[in-house]
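> My questions will all concern the structure given below.
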Amino acid sequence: MSEYKIYMPKLGESVQEATITRWFVKEGDLVEEDTPLFEIATDKVDSEIPSPVAGKIKKVLFDVNALIPVGEVVVLIELNDEEEAATEPIDLTAKVDSSTDTVPEIGIEESIPNKTSVSIKEVNSLSNRFYSPLVKSIAEKENLSIEELENIPGSGLNGRVQKKDVFDYLSKREIGKSKIQAEEAVSIDKADRELTSKVGSVEKNKIPMSIGVEDTIMEMDRVRKLIADHMVNSKHTAPHVTAMVEADVTNMVLWRNRAKDIFTSRYGEKLTYMPLFIEAVAKALNEFPLVNTSVDVDKIILRKHRNIGIAVAKPDGNLVVPVLKDADEKNLLGITRELNRLAEGARLNKLSPDAYQDGTFTITNFGSFKNLFGTPIINQPQVAILATGSIEKKPAVMETPTGDVIVVRHKMFLSLSYDHRIVDGALGGAFLRRIADLLEGFDVNHEI
């Protein structure tokens with residue numbers, strides 16, 4: 001019988017390694033298609049990896065808590081005759097740059113040659129989704145491109161595409177060919193080099209210190225190590241500048257106090273201040289597109305979408321940043337619903353890796369801990385991050401036709417950290433002031 005190699009899957013463009021946190025099978029176990037094999041964890045999300053084939057577990061190559069680069073073989077499955085027949089080579093290909101590094105495919109191969117094309121057979125190594133040999137065989141027979149296969153909604157475990165999903169798509173598909181697109185993957189060698197470089201850098205910059213006999217040494221958990229590395233890398237990469245403004249958000253507070261119970265009773269959604277912040281930021285990003293960018297050495301990448309990441313504190317004390325996609329295209333109710341879904345899913349570890357990808361700007365809410373303001377670290381590869389402080393009642397001087405008077409107003413600090421390589425003081429200051437103006441000018445009669 002032939003062996004089927006299960007590789008560590010690619011879970012996003014910024015994820016190059018993952019930790020096995022749990023095995024659901026052991027050597028000698030019989031598994032069916034979609035049977036969970038193991039659970040992995042990254043700094044983004046925890047995920048269960050199901051088997052794309054039926055067979056017998058021949059070899060488990062790593063133990064629990066092993067840190068494994070993307071593309072490394074994790075487990076070998078001995079195929080039965082039916083699965084072997086379903087994994088015959090497939091001819092459908094899509095041309096890609098021959099210089100592109102690719103992750104080895106999940107399939108039957110004695111060696112991993114360099115490839116100048118990408119076939120349906122290789123889609124498992126290039127995608128965040130798994131495809132069974134049967135699904136890939138149907139795709140090849142019906143001349144489906146990888147792009148088409150990626151866009152088919154899956155009804156199986158964790159969104160897996162099943163046979164009936166493909167047939168449903170074929171029944172609705174218009175005749176014609178779609179342009180084939182393949183996402184770049186990171187090779188094993190590249191991941192190994194970067195991992196080695198990272199470890200060497202940590203050792204080089206280690207600061208000597210004394211430890212007292214009464215001191216307690218506590219090991220960082222896996223997520224905290226990854227967060228620490230991400231933050232240090234951001235400070236090394238981008239020259240940070242932080243600007244602050246104080247905003248009078250009285251109208252916004254009055255409207256939210258009036259609307260929150262209606263949102264709960266009418267829509268079943270909890271209305272916090274965050275959707276109002278997101279709405280203002282999305283409008284400001286449309287007006288200041290240079291803040292919605294990334295820097296690639298000496299090139300500026302203007303992002304088409306306004307995808308806003310929201311920092312969410314998990315019960316274990318770690319921080320994750322799910323992304324609300326196309327925030328500028330949603331109304332306040334749509335933003336509220338999506339935000340609540342993302343926040344709840346993040347706290348319960350129920351979000352897919354896609355929920356943490358493609359952010360173009362980030363908001364972190366210091367006010368949830370009654371902090372007035374802060375200087376947040378940019379979430380790479382973005383160029384800016386906004387921190388919202390606690391809203392407090394303060395005395396303020398207001399002009400009236402009869403003279404100045406002192407009144408009580410609701411005020412808050414907004415602080416923007418930005419990458420000075422691309423965002424200078426004028427742009428950063430104008431962008432931050434625009435967000436404050438939008439919040440200060442909130443219509444107290446805004447439709448609920």
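The values are calculated or read from the model by the stated rules, or taken from the named source; none is laboratory data. All of these numbers come straight from a predicted model, not from anything done at the bench. Heads up, the Cβs are rebuilt from the backbone with ideal geometry, glycines too, and the neighbour counts pull from every protein chain shown. Accessible surface areas use protein heavy atoms only, side chains included; no ligands, DNA or RNA. Shrake-Rupley method; radii C 1.70, N 1.55, O 1.52, S 1.80 Å.
> How many residues are among the charged types (D, E, K, R), closer than 18 Å to residue 447 by Cβ and either touching a Phe, Trp or Tyr at 6+ places or on another chain (Cβ under 6 Å) or assigned to a loop (DSSP other than H, G, I, E, B) (or both) if we restrict to the stretch 256-282?
Selection size over the stretch 256-282: 1.
> Give the residue, chosen from 367, 389, that is closer than 16 Å to residue 440 by Cβ, in contact with a strand residue (DSSP E or B) (Cβ under 8 Å, 6 or more places away or on another chain), crowded, with 16+ Cβ neighbours inside 10 Å and not acidic (Asp, Glu).
389
> Pick out the one residue from 409, 433, 421 that is of a type outside the set (A, V, I, L, M) and part of a strand (DSSP E or B).
Exactly one residue qualifies, and that residue is 409.
> Tally time: how many residues in the stretch 148-159 are at pLDDT 75 or above and of a type outside the set (A, V, I, L, M)?
So the count comes out to 5.
> A follow-up question, please. Looking at the stretch 333-343 only, could you name the residues that are open to solvent by less than 10 Å² (accessible area, probe 1.4 Å) and without any contact (Cβ under 8 Å) to a residue 60 or more places away in the chain?
Within the stretch 333-343, just 342 meets the criteria.
> Being closer than 18 Å to residue 427 by Cβ and surrounded by 15 or more Cβ atoms within 10 Å (Cβ to Cβ), is that true of even one residue in the stretch 308-316?
Looking for residues that are closer than 18 Å to residue 427 by Cβ and surrounded by 15 or more Cβ atoms within 10 Å (Cβ to Cβ), one finds none in the stretch 308-316, hence no.
> Being open to solvent by less than 60 Å² (accessible area, probe 1.4 Å), under 30 Å from residue 380 (Cα atoms) and in contact with a Ser or Thr (Cβ under 9 Å, 6 or more places away or on another chain) is the filter here; which residues of the stretch 239-261 pass it?
If the condition is that a residue be open to solvent by less than 60 Å² (accessible area, probe 1.4 Å), under 30 Å from residue 380 (Cα atoms) and in contact with a Ser or Thr (Cβ under 9 Å, 6 or more places away or on another chain), then 240, 241, 242, 243, 245 are the ones that fit.
> If a residue must be touching a residue at least 40 places away in the same chain (Cβ under 8 Å) and assigned to a strand (DSSP E or B), how many such residues does the stretch 314-332 contain?
3
> Sticking with this one: Give the number of residues within the stretch 274-307 that are open to solvent by 50 Å² or more (accessible area, probe 1.4 Å) and more than 16 Å from residue 325 (Cβ to Cβ).
Residues in the stretch 274-307 being open to solvent by 50 Å² or more (accessible area, probe 1.4 Å) and more than 16 Å from residue 325 (Cβ to Cβ): 11 in total.
> Out of the stretch 33-59, which residues are modelled with pLDDT of 90 or more and open to solvent by 30 Å² or more (accessible area, probe 1.4 Å)?
Answer for the stretch 33-59, where residues must be modelled with pLDDT of 90 or more and open to solvent by 30 Å² or more (accessible area, probe 1.4 Å): 56, 58, 59.
> I would also like to ask the following. Report, ordered by the first and then the second residue, all pairs with beta carbons closer than 8 Å, sequence separation of six or more or different chains, a first member in the stretch 68-81 that is closer than 15 Å to residue 21 by Cα and open to solvent by less than 20 Å² (accessible area, probe 1.4 Å), and a second member that is at pLDDT below 85 and not in a strand (DSSP E or B).
Listed by first residue and then by second, the contacts come to 69/16; 69/188; 69/191; 69/192; 69/195.
> Another question, then. Any residue in the stretch 403-422 that is surrounded by 13 or more Cβ atoms within 10 Å (Cβ to Cβ), more than 30 Å from residue 299 (Cα to Cα) and among the basic types (Lys, Arg)?
Yes, the stretch 403-422 contains at least one residue that is surrounded by 13 or more Cβ atoms within 10 Å (Cβ to Cβ), more than 30 Å from residue 299 (Cα to Cα) and among the basic types (Lys, Arg).
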